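The values are calculated or read from the model by the stated rules, or taken from the named source; none is laboratory data. Everything quoted here is computed from the prediction, not taken from an experiment. For neighbour counting, all protein chains shown are included, and Cβ atoms are generated from backbone atoms with ideal geometry for every residue, glycine included. To get the accessible areas, we keep the full protein, side chains included, count just its heavy atoms, and leave off ligands, DNA and RNA. Shrake-Rupley method; radii C 1.70, N 1.55, O 1.52, S 1.80 Å.
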Amino acid sequence: MDWVTRFRKLLGAAIGVCLVTTLSTASSELEKIMKKRGLTQEDLLAAAKTYTPSGKHDKYIVFSSGGQSGQVIVYGVPSMRILKYIGVFTPEPWQGWGYDSDTKKILEQGYYHGKPITWGDTHHPAISETDGKYDGRWLFINDKANPRIAVIDLHDFVTKQIVVNPVFKSDHGGAFVTPNTEYVIEACQYAAPFDNNYHPIEEYADVYRGGVTMWKFDRKKGRIVPEKSFTIEMPPYMQDLSDAGKNMSYGWAFTNSFNSEMYTGGIQKGLPPFEAGMSRNDTDYLHVYNWKKLAELAKDPKNVKIINGHKVIPIEVAVKHDALFLIPEPKSPHGVDVDPTGQYIVVCGKLDTHATVYDFKKIMKLIKNKEYVGKDPFGIPILDLKKSIHGQVELGLGPLHSQFSPVDGEIYTSLYVDSQVVKWNFKTLKVIDKINVNYNIGHLCGMEGKTADPQGEYIIALNKLAIDRFNNIGPLHPQNHQLIDISGKKMQLLYDMPLPLGEPHQAVAIRASKLHPEVRYPMGTNPFTGEPHEGKTLAGQERIERKGNHVYVYATMVRSHINPEHITVNKGDKVTIFLTNLERAEDETHGFTVDWYNVHASLEPGKTARIDFVADREGVFPYYCTEFCSALHLEMMGYLLVKDPKKKYVSAQKVKLKKMSKEELMKEYKKIVATNKATDEVIQSVVKFLKEHHYEKYPLVKQLVVDALDQYGKIPEQKKKADEAFKKGDIEKAILFENMIWQYMVKTADMGIRAKDLLVRKIATPMSEAAKRGEVAFKEGGCNGCHVIGKVSSGPDLTGVLSRHENGEKWVFEFIKNPEKFYNDPYVKAMIDYFNLKMPNQNMSDQEIKDIIEYLKWVDENANLF
Ligand code: RUQ
Ligand code: CUA
């Protein structure tokens, strides 16, 4: 089969067979492009699987660790379009993250031993779960460099809390959640003393410790509760990744490690480096522990030591209560991944070519029978490797991480050294398929691939190196996320996405349908408490208050002004500015900054933010809105004036401005009043249309209308002011208020027309498949270049065209097919003369013309709506 036929078949199956005719024109074009750009058929297939047309949404949303940027990156699959960066441990200027006082407070929660830490090494994001499945409510992520966990609310994609680990000095195996998000798991990486004192490295085995912190999560409050959290002390084996058991293994968790040698390095002393000593043993230890039981134990003060104000369960206590065990695992293990049933635990060893599949049932049997092969130096019982496992499979060089598919037993594993993804079966222990990736893959991200409900379809390779994949942009290359189609028998590489932000250690993907973010906050909300902000200010409540040398400004922002517009303070005053965005309209965010003071706030609709600074420099400082929010965005500004109370200022007013004459003013006044009247008529006609067609029945339309009326509702007050000024003879002022009225009208009309367009689409008669194809052909054929439905533009309006001629359908068909034949027809000739344009031959196929006629019929049926 040649590629054109194959491509047609593929598309035909997807969109309906009738498209084949349209495609014949498209395919020659396609062939041309392929040749020009050197594309293969595989490239085209990949493009068709990922390309997401304008306005269409993605099926999955990925939360990727932003690596050293300390942020979280959000993007869609399959389009791989980046949607957001979430500020977490690091300031993020656009969102004001770290530049207004409310977000600074969150960043300050993450200060470590009192030190401002403004970067983070984010590693593992985790989505909250219910019954082991993603519930789409919260996201957690760790910072390896400074052991911290952040809580992100997925209602507004904003970080709400950062907790610092009280005993660790680094972390790696976090964040992972238990199946109902009872706890967030954070495993230590580099063992260190739990206290904050000096302990020589020679005391490593005695004093240095590893462990796992179980952070209690309160789902109702959406916050971690440090007082109810605890740490399980573990030997200094460098605990690495973790995973919580689910279903059959619910209540247990698994953490591996890579330094059972307890090697302490010392190159400078002539000793071999860490890397040699830490990889000497053939096996390390998988830590198997019963978090459920340990959580109960932690409630009794007898069972815990309090270190740095935090509960720690000592190793002996965990051992005494049969809650902590070790099982050998092959050389330098890395990933530990529990399968959807909870029975199998897959561990990969970086220096082993095998994956080891542990069987939870076998582990439980050994524990029940107290069948141990020995104890480690800390007294922890060790289970036999051979007796704990279901089997081992040779996968390739450097296996790291695994993700599951909905097919029973199917699993995907990354091979770091081989730069491959291998698909295999952990039950039959057989390798099924391999694909090359570019290059040195670390994690891989399946669609809900580590939950109890994996979705399959795609897998994303998170590669450590890009090397030659993109244009060379200097020694530092971007990261490379590669999207792989796993729906077929063979894996197919679809797309390379460069990410220029930081090493994306791990990413998690969730069905977009499970996320329900808010459109706006209730007016005056503080997003970090969910409560009304202390500085909530509604329209009419704007004010400046002075308390001693502290000036409080209660300001509002709405298109396109900030109220107040002048703030005068004394040099040395403390200044607090509260800003409330009064907008209700979706996506109408304002930003706020003041020259020189290094402050910035992002105000989403309904939000209130606080900014603090000391006005320590005399001068004039413009402040303005930093989001291009309307045609008068540049005018959305004001002045902070800082005067020195010790100085005497002499008036500098010299320039005489030319005043307009009374007649000129009247002329301008009348003009603006007339403009407002005409604009209001447009608004009224739109309102009439909306009411007649019961806009209130359609929630999305209703929302827009409410937003529009919100703007419109501000007019009477302005009108009153305009009329009062006019009565007093202050025409200048009256003009200014009339101008303000026009501003509100423009915003009302803008939203009203959007509402109308949306309503038309909702209430029009349903389109037949043929009419839909016709609309596509109409647009793609370029007909809309000259014809606008419902309007005369550079060509005649086509509503009613089918009834303008006898035998209308036949006439239109012939005319589109061969317009040249009609150039001398008296009617057509008159049109040509009028528009000074000839209808060109668009080389439409018969089928396309038929479809267009179906579309025109639909237009006629709904003529009243255009
Ligand atoms: S780890 S590349 Cu930092 Cu998640 Cu394995
Ligand atoms: Cu608000 Cu620009």
> Which residues, counting only those in region 710-746, are under 45 Å from the mean Cα position of the chain (by Cα) and among the aromatic types (Phe, Trp, Tyr)?
Replying inline: TYR712, PHE737, TRP742, TYR744
> Which of the residues that make up region 240-255 are within 15 Å of ligand 1 (Cβ to nearest atom) and open to solvent by 10 Å² or more (accessible area, probe 1.4 Å)?
Replying inline: ASP243
> When region 402-420 is examined, which residues are found to be out of contact with any Phe, Trp or Tyr (no Cβ under 6 Å at 6 or more places or on another chain) and farther than 14 Å from ASP339 by Cα?
Replying inline: SER414, LEU415, TYR416, VAL417, ASP418, GLN420
> Does region 65-96 hold any residues that are closer than 18 Å to ASN142 by Cα and outside any loop (DSSP other than H, G, I, E, B), and which are they?
Replying inline: SER65, GLY67, GLN68, SER69, GLN71, VAL72, ILE73, VAL74, TYR85, ILE86, GLY87, GLU92
> Quick check: anything in region 367-380 within 16 Å of ligand 1 (Cβ to nearest atom) and either open to solvent by 30 Å² or more (accessible area, probe 1.4 Å) or not in a loop (DSSP other than H, G, I, E, B) (or both)?
Replying inline: no
>> Being out of contact with any helix residue (DSSP H, G or I) (no Cβ under 9 Å at 6 or more places or on another chain), closer than 28 Å to ASP243 by Cα and either assigned to a loop (DSSP other than H, G, I, E, B) or open to solvent by 20 Å² or more (accessible area, probe 1.4 Å) (or both) is the filter here; which residues of region 488-523 pass it?
In response: MET491, GLN506, ARG511, ALA512, SER513, LYS514, LEU515, HIS516, PRO517
> Say we look at region 628-639 and pick out the residues that are surrounded by fewer than 20 Cβ atoms within 10 Å (Cβ to Cβ) and not small (Gly, Ala, Ser); which of these is nearest to ligand 1 (Cβ to nearest atom)?
Replying inline: PHE628
> Which one of these does VAL575 not meet: (1) in contact (Cβ under 8 Å) with a residue 40 or more places away in the chain; (2) within 16 Å of ligand 2 (Cβ to nearest atom); (3) in a strand (DSSP E or B)?
Replying inline: (2)
> For region 234-286, what are the residues that are free of Cβ contacts under 8 Å to residues at least 40 places away in the same chain and under 38 Å from the mean Cα position of the chain (by Cα)?
Replying inline: GLU275
> Only one residue in HIS481, HIS443 is in the same structural domain as SER64 (by TED's automatic domain parsing), open to solvent by 10 Å² or more (accessible area, probe 1.4 Å), within 16 Å of ligand 1 (Cβ to nearest atom) and in a strand (DSSP E or B), so which one is that?
Replying inline: HIS443
> Within region 642-665, is even one residue under 21 Å from PRO564 (Cβ atoms), assigned by TED's automatic domain parsing to the domain that holds ASP750 and in contact with a helix residue (DSSP H, G or I) (Cβ under 6 Å, 6 or more places away or on another chain)?
Replying inline: no
> Name the residues in region 307-354 that are acidic (Asp, Glu), within 16 Å of ligand 1 (Cβ to nearest atom) and either open to solvent by 20 Å² or more (accessible area, probe 1.4 Å) or not assigned by TED's automatic domain parsing to the domain that holds THR178 (or both), would you?
Replying inline: ASP352
>> If I ask for residues that are touching a residue at least 60 places away in the same chain (Cβ under 8 Å) and either more than 25 Å from MET666 (Cα to Cα) or open to solvent by less than 50 Å² (accessible area, probe 1.4 Å) (or both), which ones from region 712-750 would you list?
In response: LYS714, ILE731, ALA734, ILE735, GLU738, ILE741, GLN743, MET745, LYS747, THR748, ALA749
> Out of (1) open to solvent by less than 10 Å² (accessible area, probe 1.4 Å); (2) farther than 28 Å from PRO166 by Cα, what's the single condition that is false for ALA298?
Replying inline: (2)
> Among (1) of a type in the set (Asp, Glu); (2) modelled with pLDDT under 95; (3) away from ligand 1 (no atom under 16 Å from the Cβ), where does GLU503 come up short?
Replying inline: (3)
> Within region 110-126, is even one residue in a strand (DSSP E or B), crowded, with 23+ Cβ neighbours inside 10 Å and under 23 Å from the mean Cα position of the chain (by Cα)?
Replying inline: yes
> Of the residues that make up region 814-832, is at least one surrounded by fewer than 16 Cβ atoms within 10 Å (Cβ to Cβ), closer than 26 Å to ASN864 by Cβ and of a type in the set (Gly, Ala, Ser)?
Replying inline: no
